[in-house]
Amino acid sequence: MPSERYDEALDELRTLFGDMMREAEDVGYGNFPGGDPRDFSPDPECSTGVEQANHKAACEAWDRGEQTQHKGCEWLSPDLHIMRTPFGLGGYVMRNPWAADVAERIERILNRLESP
């Protein structure tokens with residue numbers, strides 16, 4: 001029969017798993033943050049036809065294996081940055097592969113500890 005300390009450790013692992021899952025993927029709205037253009041969706045009300053066409057072309061190129069890095073915000077100094085909006089404003093997903101890997105490992109540990 002599991003002890004109280006064991007249950008507390010499991011609860012802490014569950015909390016850690018939830019924290020890592022939140023770090024693995026973050027959803028936002030604004031300018032394209034850079035990286036994979038397929039993780040961005042232009043807002044039709046806040047992007048021009050040209051920006052939407054740029055986005056479509058970038059996604060098609062990425063699908064063909066032409067993984068060109070499209071820059072979002074570029075910091076030139078602590079006080080100066082350039083905002084690029086090649087695709088207008090829209091929704092995006094920022095992925096953290098390291099956090100996703102850690103979350104997956106914690107989940108495997110939890111599954112082993114919680115199985116009969």
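Among the residues of segment 14-43, the ones that are over 15 Å from residue 83 (Cβ atoms) and in contact with a Gly (Cβ under 9 Å, 6 or more places away or on another chain) come to 5 in all. Applying a threshold of 9 Å to beta carbon distances and a minimum spacing of six or more residues, or different chains, the list of pairs starting in segment 91-104 at a residue that is β-branched (Val, Ile, Thr) and ending at one that is surrounded by fewer than 13 Cβ atoms within 10 Å (Cβ to Cβ) reads 93/27; 93/28. Across segment 96-116, the qualifying residues are those that are charged (D, E, K, R) and loosely packed, with under 15 Cβ neighbours inside 10 Å, and the one among them that is nearest to the chain's Cα centre (by Cα) is 101.
So is residue 30 modelled with pLDDT under 95 and in contact with a strand residue (DSSP E or B) (Cβ under 7 Å, 6 or more places away or on another chain) or not?
Numbers: modelled with pLDDT under 95: yes; in contact with a strand residue (DSSP E or B) (Cβ under 7 Å, 6 or more places away or on another chain): yes.
Answer is yes for this residue.
Suppose we filter 85, 15 for residues that are among the hydroxyl-bearing types (Ser, Thr, Tyr) and loosely packed, with under 13 Cβ neighbours inside 10 Å; which single one remains?
Working: 85 fails: loosely packed, with under 13 Cβ neighbours inside 10 Å.
Testing whether each residue is among the hydroxyl-bearing types (Ser, Thr, Tyr) and loosely packed, with under 13 Cβ neighbours inside 10 Å leaves just 15.
Scanning segment 76-116 for residues that are touching an Asp or Glu at 6+ places or on another chain (Cβ under 9 Å), closer than 18 Å to residue 37 by Cβ and not in a loop (DSSP other than H, G, I, E, B) yields 83, 89, 90, 91, 92, 93, 94, 95. If the condition is being loosely packed, with under 14 Cβ neighbours inside 10 Å and in a loop (DSSP other than H, G, I, E, B), then segment 21-50 contributes 44, 45, 46, 48.
The values are calculated or read from the model by the stated rules, or taken from the named source; none is laboratory data. As the structure is a computational prediction, the values presented were derived from the model and not from experiment. All Cβ positions, glycine included, derive from the backbone under ideal geometry; neighbour counts span all protein chains shown.
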